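Note sheet for the following structure.
Each value in this text was obtained by applying a stated rule to the coordinates, not by laboratory testing. Model, not experiment: these values are computed from the prediction. So basically every Cβ, Gly included, is an ideal-geometry build from the backbone, and we count neighbours across all protein chains shown.
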């Protein structure tokens, strides 16, 4: 009996060792469920029959590799005689259809990408309500025909009216002889001498020039040099700096005589020019007059009392004798006026018995000529400069 028990114990030990070779994963102790087995009071005696165990296991492979098997898909096709047969490869017709479907899918994908890129490049179409809202709130209102022609650089306002009266301007296919006709260049077809007026008008520009001596402030007299020729380089480089934008037709706001130097404003904005040059603006203008000879107190009193110019008695806002400077031998007067009549400062000084050697304007309103701006040079006016001139755009 003892021998049989020993044999059974040896068999159990061998079986346990064999099962451990399978490397089965065991659950963690945290997930084990234990069951309490009641202890028997007596152990039954082992069986009298002797059992012999002969258990053997194959050795464990170091690098087990799964057996690779080729998966065969049977294809049932019909041969030339119409009989069905089984083959391991797809039929030729099926392969051709798959190739066509793949090529068609790639073609559709490319076409979709091209249409998407083309849709991005095209400007979006707005609804009628959106276009009406833009036209009512943001689009410039219709303007006088003569004003539109002048703004487009065709001619001055007066010459544009002459072109209209001569019947050389058509609007939407009909000759227009009324300069007051309201037109919109973006909508109306305007032709001058057979040439179409651009839909887009040039932007409004505002320039300040330090006028040199010997230049006039108009372009009508061919024998004299105009200040407009000082802007030839500016206008020549316009297309390069502003591609697709028409050139502005600039003109002077007010005038300075040929011998007077200093500040002169140029623009293509007619409303701005009219407001600055109109007497109701009451913009003061400051001049520096260099005098030949000696200036006494009586001269200052005579200038301040004023004189009659064009039938109107004109008086300056102020007159002041500037202190002498080492590099300037002649006396200088600062004269401020606001009426801006023709040759007003020269007439005031002349009425006091003095002779002007040179005259320069250095200020209009709140805008003063930059001290570092050379003769014949110009600068573009900024928004703050326009406010200093009393203009609100």
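Rounded to the nearest 5, what % of the DSSP beta bridges within the stretch 255-393 are antiparallel ones?
90 percent
Just subtract the alpha-carbon distance of residue 83 and residue 308 from 0.36 nm times their residue separation and send over the number in nm, one decimal.
Net length gain for the segment: 68.4 nm.
How would you rank 383-390, 158-165, highest first, on the average number of other Cβ atoms within 10 Å across their residues?
Going by the mean number of other Cβ atoms within 10 Å, highest first, we get 158-165, 383-390.
At a 10 angstrom cut-off on C-beta neighbours, averaged per residue, how do the peptides 316-327, 73-84 rank from highest to lowest?
The densest-packed peptide leads the list: 316-327, 73-84.
Could you work out how much longer the chain between residue 95 and residue 368 gets when fully extended? Use 0.36 nm per residue separation minus the Cα distance between them, nm to one decimal.
Using 0.36 nm per residue and subtracting the Cα-Cα distance, I get 89.7 nm.
Multiply the residue separation of residue 127 and residue 274 by 0.36 nm, subtract the distance between their alpha-carbon atoms, and state the gained length in nm to one decimal.
Full extension of this stretch gives 49.0 nm more.
Please give the FRET efficiency for residue 113 paired with residue 189, using the beta carbon to beta carbon distance and R0 = 51 Å, rounded to the nearest 0.05.
Computed FRET efficiency for residue 113 and residue 189: 0.80.
Determine, for each peptide in 228-238, 199-209, the mean count of other beta carbons within 10 angstrom over its residues, then list the peptides with the highest first.
The densest-packed peptide leads the list: 199-209, 228-238.
Can you tell me the FRET efficiency between residue 351 and residue 290 if r is taken as the Cβ-Cβ distance and R0 is 22 Å, rounded to the nearest 0.05?
Approximately 0.80, to the nearest 0.05.
Under 12 Å from a label point 7 Å along Cα→Cβ of residue 178: give me every residue in the stretch 140-162 with its amide N that close.
Residues 145 fall inside that zone.
Spin-label point model (7 Å from Cα, Cβ direction): what's the residue 382 to residue 343 distance in nm?
It works out to 4.0 nm between the two label points.
Which whole-angstrom value gives the distance between the alpha carbon centres of the stretch 316-393 and the stretch 279-293?
Measuring centre to centre over Cα atoms gives 5 Å.
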